[in-house]
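The values are calculated or read from the model by the stated rules, or taken from the named source; none is laboratory data. Note that the structure is predicted; figures quoted are calculated from it, not measured. Heads up, the Cβs are rebuilt from the backbone with ideal geometry, glycines too, and the neighbour counts pull from every protein chain shown. The area values use the complete protein model at the heavy-atom level, side chains included, leaving out ligands, DNA and RNA. Shrake-Rupley method; radii C 1.70, N 1.55, O 1.52, S 1.80 Å.
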Amino acid sequence: EVVTDNDAIFTVKRYEFTVAGSSDTKIKYDTIDKKREILITLPSLFKDDSYVEVISDNIINQMKEQMASDENKVYWLDGYVEEFQQPFERISKDQGFYINADGKLVISFDKYEVAPGYMGVVEFVIPTEAISDILVGNEYIK
């Protein structure tokens, strides 16, 4: 599925759906710089590894805000998990992501990764002002 196709980038979303008693959905994104003909990775967008903590903190705040405003939203955060669940603390350095048509960074989590299965695949749009100081440039993210 084509997610973004503009002058600078092309992003495609690939689904991996598994059914065996229950179902599981994993999503992979490929974002390509059209001019340079290179694959864009999450680390390549930032000056250093500080993006992991900055983005993680933003996502945790978004999760808390969503849970406070909608009782049907549940995320596995410290203080909000059952014994068998691992609370979300931070994204991985190669977390699933894409850049949407508005030039915003979107971080994606597979089903069951940070929330119960009924929430499905969850995504968080990261405000550009939260990451602008650590971006390598503003060519892709606006």
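Which one of the conditions (1) under 26 Å from Thr18 (Cβ atoms); (2) open to solvent by less than 100 Å² (accessible area, probe 1.4 Å); (3) within 13 Å of the chain's Cα centre (by Cα) does Asp94 fail to meet, given that it meets all the rest?
The single condition Asp94 does not satisfy is (2).
Here are Lys26, Lys34: which of them is at pLDDT 95 or above and out of contact with any His (no Cβ under 6 Å at 6 or more places or on another chain)? Spell out the reasoning first.
Working: Lys26 fails: at pLDDT 95 or above.
After applying the criteria, what remains is Lys34.
Which numbered condition in (1) open to solvent by less than 70 Å² (accessible area, probe 1.4 Å); (2) more than 23 Å from Thr11 (Cβ to Cβ) is the only one that Ser108 fails?
Condition not satisfied by Ser108: (2).
Quick one: would you say Ile40 is among the β-branched types (Val, Ile, Thr) and closer than 19 Å to Lys142 by Cα?
So Ile40 passes the test.
Report, by residue number, each residue of the range 42-69 that is farther than 18 Å from Ser108 by Cβ and either in a helix (DSSP H, G or I) or aliphatic (A, V, I, L, M) (or both). Before the answer, list the steps.
First, pick out the residues of the range 42-69 that are farther than 18 Å from Ser108 by Cβ: 47-50, 53, 64-65, 67-69.
Scanning the range 42-69 gives Glu53, Lys64, Glu65, Met67, Ala68, Ser69.
Out of the residues in the range 2-22 that are closer than 22 Å to Lys142 by Cβ and not in a strand (DSSP E or B), which is most open to solvent (accessible area, probe 1.4 Å)?
Within the range 2-22, the match that is most open to solvent (accessible area, probe 1.4 Å) is Asp7.
Can you tell me which residues in the range 33-80 are open to solvent by 50 Å² or more (accessible area, probe 1.4 Å), closer than 30 Å to Phe10 by Cβ, over 14 Å from the mean Cα position of the chain (by Cα) and of a type outside the set (D, E, K, R)?
Ile38, Leu39, Ser44
Is the range 128-139 home to any residue that is hydroxyl-bearing (Ser, Thr, Tyr), within 25 Å of Val74 (Cα to Cα), open to solvent by 30 Å² or more (accessible area, probe 1.4 Å) and not in a strand (DSSP E or B)?
no
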